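Notes follow once the structure below has been shown.
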């Protein structure tokens, strides 16, 4: 049974659950599995060239007839392709949704609409949400500080969502992101006024996610106190805050007094190599994909504060189904705890 919210109706999905664009861990298998199960699957393409971008979108379309999203980060410190060219490659592949993060979507919204797609914008404040809606975006995503991976916001999800709802909630759907990993979190987001939830860490722990086994095991073994919000993994995206699991790299850096880049312990250590033999240095922001060889534990292991809620891996469709069941149970529980006012 479809869960009706502004997000599900705007996008045409059965359930208001979005698989976050978890970097190189995204692939056609994961995105299509989530979309086929009734959520909104997602591809991250910022670190892919135009040819690879078109290929993965096409392959995803071959795997699903349902809507899916393609994410593009706009921060020029991390882009490898000119944004205009990259967006053209994306739109030429005819996706349903384009999500923009880490930058201003305003210059690109009209092009997205002209191509027949929807535009999402990730924001970190009510003011930014207002600007995004004024620019014509169709859906606003609020990313709280609890989120794993690269983080835009200094504000927690619980405080940010109601502020954005008050600013723009009667105009466009709002999606809550950051610290959500089960149906209870999704129910809480809806209670705050959001129209859906955006989950990253939960979908890292799926069979389809393109991540190294060591990385996934760390996510499954960790709890809510095992992450840090930091800027230490800055090689490749200087200055951008991120949340990662604690490891020896972080511990050594802290023991050394949190020195600045260029003065950190093991600054030039090669801790691993990619499948093509390219070196991954200790403070690289590279994601631990399955083909990485070396000391994966020392790499940036991105995870949100909700990691303690992620206890086992499984197929993405089963994860989506479990989230929906948990959501229904959470809502039913609230109705029991807070019955209708008999005076009404």
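Taking the criterion of being touching a residue at least 60 places away in the same chain (Cβ under 8 Å), surrounded by fewer than 18 Cβ atoms within 10 Å (Cβ to Cβ) and within 18 Å of residue 280 (Cβ to Cβ), would at least one residue in segment 215-234 satisfy it?
no
Looking only at segment 113-132, filter to residues that are within 19 Å of residue 31 (Cβ to Cβ) and not in a loop (DSSP other than H, G, I, E, B); which one of those is farthest from the chain's Cα centre (by Cα)?
Going through the qualifying residues, I end up with 118.
Which one is nearest to the chain's Cα centre (by Cα) among residues in segment 292-301 that are surrounded by fewer than 19 Cβ atoms within 10 Å (Cβ to Cβ) and touching a residue at least 24 places away in the same chain (Cβ under 8 Å)?
In this case the residue turns out to be 297.
Among helices (runs of 4 or more DSSP H) lying entirely in segment 1-84, which contain 1 or more residues that are touching a residue at least 60 places away in the same chain (Cβ under 8 Å) and in contact with a helix residue (DSSP H, G or I) (Cβ under 8 Å, 6 or more places away or on another chain)?
28-36
I'd like the residue in segment 236-263 that is in contact with a helix residue (DSSP H, G or I) (Cβ under 8 Å, 6 or more places away or on another chain) and in contact (Cβ under 8 Å) with a residue 40 or more places away in the chain and, out of all such residues, is farthest from residue 102 (Cα to Cα).
Ranking the qualifying residues of segment 236-263, first place goes to 248.
Which one of the conditions (1) farther than 15 Å from residue 249 by Cβ; (2) modelled with pLDDT of 95 or more does residue 296 fail to meet, given that it meets all the rest?
Every listed condition holds for residue 296 apart from (1).
Does residue 266 satisfy the condition of being free of Cβ contacts under 8 Å to residues at least 60 places away in the same chain, surrounded by fewer than 18 Cβ atoms within 10 Å (Cβ to Cβ), closer than 18 Å to residue 214 by Cα and not assigned by TED's automatic domain parsing to the domain that holds residue 180?
no
Tally time: how many residues in segment 277-290 are over 22 Å from residue 229 (Cα atoms) and either free of Cβ contacts under 8 Å to residues at least 40 places away in the same chain or not in a loop (DSSP other than H, G, I, E, B) (or both)?
3
Taking the options 132, 117, 124, name whichever one is in contact (Cβ under 8 Å) with a residue 24 or more places away in the chain and over 22 Å from residue 22 (Cα atoms).
Being in contact (Cβ under 8 Å) with a residue 24 or more places away in the chain and over 22 Å from residue 22 (Cα atoms) holds for just one of 132, 117, 124, which is 132.
Picking from 94, 110, which residue would you name as being modelled with pLDDT under 95 and either in a helix (DSSP H, G or I) or under 22 Å from residue 137 (Cβ atoms) (or both)?
Criteria check complete, one pass: 94.
Quick test for you: out of 194, 135, 167, 159, pick the one residue that is buried (at least 24 other Cβ atoms within 10 Å of the Cβ) and more than 12 Å from the chain's Cα centre (by Cα).
Checking each option against the conditions leaves just 194.
The values are calculated or read from the model by the stated rules, or taken from the named source; none is laboratory data. None of these values were measured; they are calculated from a predicted model. When we count neighbours, we look across all protein chains shown, and the Cβ atoms used for this are built from the backbone with ideal geometry, even at glycine.
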